[in-house]
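A.B. asks: Quick one: this structure, given as structure tokens, is what I'll be asking you about.
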Amino acid sequence: MTTTLMKEAKRWPGSEWIKNHPALLERSYAWTKRGVKVLYPFLKRISPVATERLMIWAEKTSKGYLFNCQMCGQCILHSTGMTCPMNCPKNLRNGPCGGVRANGNCEVIPEMKCVWVQAWERSRAMPIDGNDILDLQAPLNRQLQNSSAWINMFEGIDQQHPTGWIPLSELEK
Ligand code: SF4
């Protein structure tokens, strides 16, 4: 499997079928997260540099195949119906723009179904994290582009939001 990122609207063979079974994917995600979380501290102790390289390679390969991952470094797949929001040509992370076509396709790439139409439909088939799609996502930190989203999550780097940004969960307290 090549690690080259594919352009929006391109999909690897078989990956759409897998994404259309999001309940299975969300369970695999939970298991993988648990496994990597246990392994990560040991790997990091041996070699942080090699661990980072390994994680980036693993994410590019696996998420590249499955989700056409664009390596944003702040993965929110479980909040977006296991559909990568960075495949939206406008990189929208909080729902669709106003240009969704009547057939549910993208206004920028007419032959592609709107990422957010797919995200919503798939989220309805996710018993664990399906309702996370209703959460408001923080602004994207572009400085994390091409870094490992797994490492950023374990290190809490993906939770360092711009000054002034207060998550809804905090406001509701
Ligand atoms: S949200 Fe970011 S890290 Fe997750 S699949 Fe999409 S580009 Fe990759």
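Where a number appears in this text, it was derived from the coordinates with a stated rule and is not lab data. Keep in mind the model is a prediction, meaning the values are calculated, not measured. Don't worry about glycine lacking a Cβ; one is built from the backbone with ideal geometry, like all the others, and counts go over all protein chains shown.
A.B. asks: For the range 63-120, what does the alpha-carbon gyration tensor say about shape, rounded, prolate or oblate, given a ≥ b ≥ c as the root eigenvalues, a/c under 1.5 as rounded, and a/b over b/c as prolate?
C.D. replies: Details: a/c = 1.90, a/b = 1.71, b/c = 1.11.
Prolate is the answer for the range 63-120, as a/c is 1.5 or above and a/b outweighs b/c.
A.B. asks: Further question on the same structure: Just the Cα atoms of the range 15-171: what Rg and Dmax do they give in Å?
C.D. replies: 16.0, 53
A.B. asks: Here is a follow-up. Based only on Cα atoms, what Rg/Rh ratio does the range 80-173 have, Rh being taken as Kirkwood's radius?
C.D. replies: Numbers: Rg = 14.8 Å, Rh = 14.9 Å.
Using Cα coordinates only, the ratio equals 0.99.
A.B. asks: Normalised by the number of residues in the chain, what is the relative contact order in percent for Cα pairs under 8 Å and 6+ residues apart? It would help to have the intermediate numbers written out before the result.
C.D. replies: Values: 216 pairs, mean separation 47.1, N = 173.
Result for the chain is 27 percent.
A.B. asks: Based on DSSP H assignment, which helices of the chain show an axial Cα extent of at least 24 Å together with a mean Kyte-Doolittle hydropathy greater than or equal to -0.5? Numbers along the way, then the final one.
C.D. replies: Details: long enough: 22-46 (35 Å, -0.11); 48-67 (26 Å, -0.06).
Helices meeting the criterion: 22-46, 48-67.
A.B. asks: Residue separation times 0.36 nm, minus the C-alpha to C-alpha distance between residue 170 and residue 97: what's the value?
C.D. replies: Values: separation 73, 0.36 × 73 = 26.28 nm, distance 2.62 nm.
Extra length available between residue 170 and residue 97 comes to 23.7 nm.
A.B. asks: Also: How do the peptides 63-71, 13-21, 104-112 rank, highest first, by the average count of neighbouring beta carbon atoms within 10 Å per residue? List each step's numbers first, then the result.
C.D. replies: Details: 63-71: 20.6, 13-21: 13.0, 104-112: 14.6.
Most protected by this proxy first, the peptides run 63-71, 104-112, 13-21.
A.B. asks: Farthest toward the dipole's positive end in the chain, which of 72, 126, 108, given Cβ charges of +1 (Lys, Arg) and -1 (Asp, Glu) about the Cα centre?
C.D. replies: Sorting the options by dipole projection puts first 72.
A.B. asks: Within 10 Å, count the other beta carbons around each residue, average over each peptide in 132-144, 78-90, and list them highest first. Don't skip to the answer; put the middle values down first.
C.D. replies: Working: 132-144: 15.0, 78-90: 22.9.
Descending mean neighbour count gives 78-90, 132-144.
A.B. asks: If you put +1 on each Lys and Arg Cβ and -1 on each Asp and Glu Cβ, how big is the dipole of the range 15-171 around its Cα centre, in Debye rounded to 20? Don't jump to the answer; show the numbers that get you there.
C.D. replies: On the way: 17 positive and 13 negative charges, 76 e Å.
Here the size comes out at about 360 debye.
A.B. asks: Expressed in nm to one decimal, what extension gain is obtained for the pair residue 47 and residue 124 from 0.36 nm per residue of sequence separation less their Cα-Cα distance? All intermediate terms of the calculation are to be shown ahead of the outcome.
C.D. replies: On the way: separation 77, 0.36 × 77 = 27.72 nm, distance 4.06 nm.
Going from the current span to full extension adds 23.7 nm.
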